[in-house]
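**Q** Below you will find the structure I want to go over with you.
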Amino acid sequence: NGDYVPFALEDYVENPVALARIKANVTQRTLAKRLGVTQAYVSKVEHQTKVTPKLMAKVKAALKK
């Protein structure tokens, strides 16, 4: 069966912060700078299973810069 299955990032990245950041083509370091936090913190957040709506709102705002 040679059906083409398009690559869907959502199938591989579950964390909403990581997904939004990757879709915006922004590195963890850049996002961290925009949020005023460390890259390590962004990495930690991206490895969590749950992200608060408040944090997600901050991330979305930072990605629009």
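The values are calculated or read from the model by the stated rules, or taken from the named source; none is laboratory data. Since the model is a prediction, treat every value here as computed from it, not as a measurement. Note that we place each Cβ from the backbone using ideal geometry, even for glycine, and neighbour counts take in every protein chain shown. Quick note on the areas: whole protein, heavy atoms, side chains included, nothing else; ligands and nucleic acids left out. Shrake-Rupley method; radii C 1.70, N 1.55, O 1.52, S 1.80 Å.
**Q** Out of the residues in segment 29-50 that are within 12 Å of Ala62 (Cβ to Cβ) and among the small types (Gly, Ala, Ser), which is most open to solvent (accessible area, probe 1.4 Å)?
**A** Step by step, filter segment 29-50, then rank; the result is Gly36.
**Q** Right, something else. Could you give every pair whose Cβ atoms fall below 7 Å, whose first residue belongs to segment 1-23 and is within 17 Å of Leu63 (Cα to Cα), and whose second residue is of a type in the set (Asp, Glu) and open to solvent by less than 50 Å² (accessible area, probe 1.4 Å), counting only separations of at least 6 or pairs across chains?
**A** Final answer for the pair search is Asn15/Glu46; Val17/Glu46; Ala18/Glu46.
The rows are residues; the columns are (1) hydrophobic (A, V, I, L, M, F, W, C); (2) modelled with pLDDT of 95 or more.
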residue	(1), (2)
Asn1	no, no
Asp11	no, no
Arg21	no, yes
Gln39	no, yes
Thr49	no, no
Ala61	yes, yes
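**Q** If Val26 meets every condition in (1) assigned to a loop (DSSP other than H, G, I, E, B); (2) surrounded by fewer than 16 Cβ atoms within 10 Å (Cβ to Cβ); (3) touching a residue at least 12 places away in the same chain (Cβ under 8 Å) apart from one, which number is that one?
**A** Of the numbered conditions (1) assigned to a loop (DSSP other than H, G, I, E, B); (2) surrounded by fewer than 16 Cβ atoms within 10 Å (Cβ to Cβ); (3) touching a residue at least 12 places away in the same chain (Cβ under 8 Å), the odd one out for Val26 is (2).
**Q** Further question on the same structure: If Val13 meets every condition in (1) exposed (fewer than 12 other Cβ atoms within 10 Å of the Cβ); (2) not in a helix (DSSP H, G or I) apart from one, which number is that one?
**A** Among (1) exposed (fewer than 12 other Cβ atoms within 10 Å of the Cβ); (2) not in a helix (DSSP H, G or I), Val13 violates only (1).
**Q** Among the residues in segment 41-49, are any among the acidic types (Asp, Glu) and within 12 Å of the chain's Cα centre (by Cα)?
**A** Yes, segment 41-49 contains at least one residue that is among the acidic types (Asp, Glu) and within 12 Å of the chain's Cα centre (by Cα).
**Q** Of a type outside the set (S, T, N, Q), within 11 Å of the chain's Cα centre (by Cα) and open to solvent by 30 Å² or more (accessible area, probe 1.4 Å), is that true of Pro53?
**A** Values: of a type outside the set (S, T, N, Q): yes; within 11 Å of the chain's Cα centre (by Cα): no; open to solvent by 30 Å² or more (accessible area, probe 1.4 Å): yes.
Judged against the criteria, Pro53 is not a match.
**Q** Another question, then. For residues that are of a type in the set (D, E, K, R) and part of a helix (DSSP H, G or I), scanning just segment 32-65, find the one that is nearest to Pro16 (Cα to Cα).
**A** Within segment 32-65, the match that is nearest to Pro16 (Cα to Cα) is Glu46.
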